[in-house]
Each structure stands twice: as structure tokens, then as C-alpha cells.
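The values are calculated or read from the model by the stated rules, or taken from the named source; none is laboratory data. As the structure is a prediction and not an experimental result, all values here were calculated from the model. Cβ atoms come from the backbone with ideal geometry, glycine included; neighbour counts cover every protein chain shown.
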């Protein structure tokens, strides 16, 4: 089982400013989240219906308890504060869920 945090960003008004901030500020914060097992960033995601998404970030932990602990930590609070800044640059939808391997 994997606990996953997913952030889906719409196209920012200023893609250059968004990309710089995401690379230079947000990714270094993400990397410090306690217990983070893996993260991926996908760009120019094509939606089956509607507009394409600009960026999708997936962050994985082993359990929901680890997700909660990560975001309750000082590193997690700093990441959440920065996420609020990113939301000023591009609309975002966030969700947390568990994923099971369907073998």
C-alpha cells in the first residue's frame, strides 16, 4: 500500500515565474519532507476531457500516518506555506489517497 499526495496545477498566468519558483523553492522543500519515499513531476498532462494540466506532482509515503507526520513537521509546514504561494501563481487541486498494487 502507498499513501499518495497529488497536486494538479492548471496553466499559470506566468509559466516562467511558476517554473522558477517550483524548481528553486518548492522542490527543495519537498525533498526535506520526513519519510518521503518518492516524488515525481509530470508536465503538460493531457486531460481526456477539458483543458490539459500544466503540472502534476505525486509524493509517496508508505502509510497515511507518515503523510500526516510529514505535514505536521516544521518541513511540512514550510512546504504548505510555500504551496500557498504557488497557488497564487497557478490554480491547484490537491488530494491525498491510498493506492494498492493491483497485481
All positions within the range 66-93 that are touching a strand residue (DSSP E or B) at 6+ places or on another chain (Cβ under 9 Å), part of a helix (DSSP H, G or I) and touching a residue at least 60 places away in the same chain (Cβ under 8 Å): 66, 67, 83, 86, 89
Per the filter on the range 28-54, residues in contact with a helix residue (DSSP H, G or I) (Cβ under 7 Å, 6 or more places away or on another chain) and under 24 Å from residue 100 (Cα atoms) are 30, 33, 34, 35, 36, 39
Could you check how many residues of the range 1-29 are touching a residue at least 60 places away in the same chain (Cβ under 8 Å), under 14 Å from residue 56 (Cα atoms) and assigned to a helix (DSSP H, G or I)? 3
Being within 9 Å of residue 3 (Cα to Cα) and surrounded by 12 or more Cβ atoms within 10 Å (Cβ to Cβ) is the filter here; which residues of the range 56-97 pass it? 59, 60, 61, 62, 63, 64, 66, 67, 96
Inside the range 37-93, can you point out the residues that are over 24 Å from residue 12 (Cβ atoms) and within 12 Å of the chain's Cα centre (by Cα)? 38, 60
Need the failing condition index for residue 21 against (1) more than 13 Å from the chain's Cα centre (by Cα); (2) under 20 Å from residue 96 (Cα atoms); (3) at pLDDT 95 or above; (4) surrounded by 14 or more Cβ atoms within 10 Å (Cβ to Cβ), just the number. (2)
Go through the range 30-56 and report how many residues are in a strand (DSSP E or B), over 16 Å from residue 93 (Cα atoms) and touching a residue at least 24 places away in the same chain (Cβ under 8 Å). 0
